[in-house]
1. Could you tell me what percent of the accessible area of the chain is made up of carbon and sulfur, with a 1.4 Å probe and every protein chain present?
2. Filter the cross-link list K277/K311; K147/K354; K311/K378; K67/K213 down to pairs whose alpha-carbon distance in this structure exceeds 18 Å.
3. Taking the Cα centre of the chain as the origin and placing charges on Cβ (Lys, Arg +1; Asp, Glu -1), which of T87, V386, I173 is farthest toward the positive end of the dipole?
4. Counting other Cβ atoms within 10 Å of each Cβ, which GluC sites (Glu not before Pro) in the stretch 69-140 have at most 12 and sit in a DSSP loop?
5. Just add up the charged neighbours of D15: K/R +1, D/E -1, any other residue whose Cβ is under 12 Å from the Cβ of D15.
6. Calculate one ³J(HN,Hα) per residue across the stretch 194-204 by plugging θ = phi - 60° into the Karplus curve 6.51 cos²θ - 1.76 cosθ + 1.60, and present them in order as whole Hz with x for glycine and proline.
7. If you take every residue apart from S102 with its C-beta less than 11 Å away from the C-beta of S102, what net charge results, scoring Lys and Arg +1 and Asp and Glu -1?
8. Once amide H atoms are placed 1.01 Å from N in the peptide plane, what residues at a sequence separation of 5 or more from I205, or on another chain, have their amide H within under 5 Å of its amide H?
Amino acid sequence: VGTAFAPATSGALGDVWVGCFLKSCNDGQPRDGTPIDVVAVLDTSGSMDCGVAGSGSSTSSRLQLAKEALEALFLSLKPNDRLGIATFTTTGVVLQPLSLVSSINQENLFASVRRLRASGGTTLQAGMEAAVGACRGAEALEGARHKRLIFLTDMGDMQSDQLDHMIASQAEIGLYVSFVGIGIGFNSGLAEQVTKHPGANYFCITRDEELRKVVVDDFAYNFFPIAFNVEVTLQSDAFDLVGVYGTPFDTREEIAQANWHPSVHRFYSADFKEQAKALMLISRRHVDCLPMPAVQSVLSFLSPSVHTVIKVDTVFPSAVGEDGAVEGGLILMRMRPKCSVQTGIVQLRLRYCKQGEQYSSCQNLQVPQEASDPTMEKAIALQRYVEACRNYLNAAETHLDRGAPLSVLEALLAEFNADPAATDAQCPGVREELKKFAEMARKDSLAANPFVGDCGDATH
């Protein structure tokens, strides 16, 4: 956990940023000794004959890249792992039954994979049925085993009414699903829907080299879940939470849910729980019980609100770069003092489930800390850059006044240009990208309102 003061230009003067880094002891570590049963489910529909970024965009088609990744995956698996391969268009076919890697004839397998050609339509459900059939038809082995289906597809199918149910039912027995979406036609809406189930995840491939990295190079991290039902909550009597960044949560929804609610009651202190219990008992002794809104108001007054900062169905380990850096995992929270005093305690609580057992930990953070964390400063700069660009795009899309968001862009660019060497060292390439975006925004703003000059004064 780290903290940093927010510059005055990034929000209200005196805002404090708190950073929560989600890490695990499995980050950068080899996979455990438990073998895995993996069925690769390969889309061979006609659209897979295109390049990753569209027709003619690459020397290799999506299908060719997927076939090369499958061969490399086979060579990287352990002898006691099992591999199966299913293909699908509008129907599914089991190309390679689920078998021990040590028993599969490599030459025959590679020949079968290389003969595959792209044609026909796409029905994800057909691929799912074939893959599940391959698992059910395999011999039951003794001992614990990881189980996973890996779809390699451009996600062109929108008619998948039963797919969601099938993923849920397989997750209940420990057979998890990954979607590797290849190409710009990636159906993110469908992927987000189905990956809400335990153990599921998805990846978007936009460059040729990314497919091998996801399926082979980072295999030990992408397909072995380490925790489920992960939830991080925040509570403070000195600061209000005004923004959360780096999570799927919508900040406005998060703030609206800040008051006490039964779903977050378990995160409150033991003393508070006793007070809540007494209130409920007193309420029930009367004929006219307190309505829930009244209970929420009273309990919210008795104790600082608990904010659910992030809730994740499944957490996977992360790869660690040669410099020790881990991609992602940082959650930024913007805190605003409730009074003129800018110090106080922020409590972060982590709860998760692992191998059927519930775990929790709590950390009290004195805010602010004596020194800012360089990683935090970089994260804040990047967040301000993203937020400034997003706000202008939102204004342009909704035909709102572009003057205010353009002024924010100009102010941020001026701040970055005040010390270009330091900015470029901290966030390489960001200053130049902001410069290009600001120039585009100026032209767009002038085109939208040609009667406004460069200084924002009317010229008529």
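The values are calculated or read from the model by the stated rules, or taken from the named source; none is laboratory data. No experiment lies behind these values; they were computed from the predicted model shown. Note: ideal-geometry Cβ built from the backbone for every residue, glycine included; neighbour counts use all protein chains shown. The accessibility values were calculated without ligands, DNA or RNA, using every heavy atom of the protein model including side chains. Shrake-Rupley method; radii C 1.70, N 1.55, O 1.52, S 1.80 Å.
1. Working: 12280 of 23700 Å².
Summing carbon and sulfur atoms, their accessible area is 52 percent of the total for the chain.
2. Pairs exceeding 18 Å: K277/K311; K311/K378.
3. I173
4. On the way: sites: E71, E107, E129, E139; in loops: E139.
Answer by residue number: E139.
5. Numbers: positive: R334, R336, R384; negative: D240.
Net charge around D15: +2.
6. Using θ = phi - 60°, the values come out as 6, 8, 6, 8, x, x, 8, 7, 8, 9, 10 Hz.
7. Here the count lands on +1.
8. So I205 has HN proximity to G181, I182, G183.
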